[in-house]
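Right, one structure below, let's go through it.
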């Protein structure tokens, strides 16, 4: 039954942080529209996880799930997700912009990155996020409120000292993420009057399947990044769920919330749960499974 349930759209939900956020929202009784490109294993990426597998986890956690394929480089796909959500549930309460571009040029030098890859980064990281805000605001305003949670990065506010592929990303990632980062700060003052919150969530250094799975590939696994200070996907997931379900989400609007700080401040996880899952070469994706 979905009647009376609040509804969330989560992008990049086939694995990693998006999957964990979907499950956490389900634990609060949400109906979750689970979106990503992966409908079958290795359909578009080498990493494990599909929207259908996440949908099953959402149901096990007590929520309702609607898996919908979404390629964020396709504005037609973005429009379809919103149309399907409104048609199926009649409302949109939470939108989590989690997905990001990881592909050609992500950790490459600018001179070695094709314009096509840069254009796809712009579409995935920025254009799609803007369109989701544009399309989801009207139903939120009509129903009297809603919450946008936009996953951000420290690279949106400071420059990495590391070269691409040696601890740093390529130019396209920080450029598009800093633009997306500004959405919350700028839009919040416009939509506060309607009870709509727009929040940046910094997940912190989060260990995901793509960093440890054998299928992950050298581009991500061997980018020269120290993983010893990482935490699990459940840290940003608990933070996102708290922002979405707390009594007054407007307390966070226009702000950048650091996930670990919020989780520690509100006592949402134990010290054991906050411990890093990183075990060097012995780390496996099994450590990141549902808790």
For the range 126-270, Kirkwood radius (reciprocal of mean inverse C-alpha pair distance, Å): 16.5 Å
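Restricting to the chain, compute how many DSSP beta bridges are antiparallel as a %, nearest 5.
Working: 0 of 28 bridges.
In the chain, DSSP labels about 0 percent of beta bridges as antiparallel.
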Intensity falloff of the range 42-119 expressed as log10 I(q)/I(0), Debye formula with alpha-carbon point scatterers, at q = 0.22, 0.23, 0.28 Å⁻¹: -1.20, -1.26, -1.44
Computed over the range 7-288: relative contact order in percent, which uses C-alpha pairs under 8 Å that are six or more apart: 18 percent
Between helix 172-191 and the chain: long-axis angle, C-alpha atoms, 0 to 90°, nearest 10: 20 degrees
Share of alpha-carbon pairs per 5 Å distance bin for the chain, given as whole %: 1, 6, 13, 17, 21, 19, 13, 7, 3, 1, 0
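Applying 1/(1 + (r/R0)^6) with R0 = 35 Å to the Cβ-Cβ distance of residue 75 and residue 192, what FRET efficiency is obtained, to the nearest 0.05?
On the way: r = 27 Å, r/R0 = 0.78.
Plugging the Cβ-Cβ distance into 1/(1 + (r/R0)^6) gives 0.80.
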With Cα atoms, 0 to 90° folded angle of helix 234-245 axis to the chain main axis: 20 degrees
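Expected output is a single nm value to one decimal: the length gained when fully extending between residue 275 and residue 255, i.e. 0.36 nm times separation in residues minus the C-alpha distance. What is it? Could the numbers behind the result be given before it?
Values: separation 20, 0.36 × 20 = 7.20 nm, distance 2.61 nm.
Difference between extended and current length: 4.6 nm.
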Principal-axis tilt of helix 16-27 within the chain, Cα atoms, nearest 10 degrees: 30 degrees
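Values in this text are rule-based calculations from the coordinates and carry no lab data. Since the structure is predicted, the reported quantities are computational estimates derived from the model, not experimental observations. For neighbour counting, all protein chains shown are included, and Cβ atoms are generated from backbone atoms with ideal geometry for every residue, glycine included.
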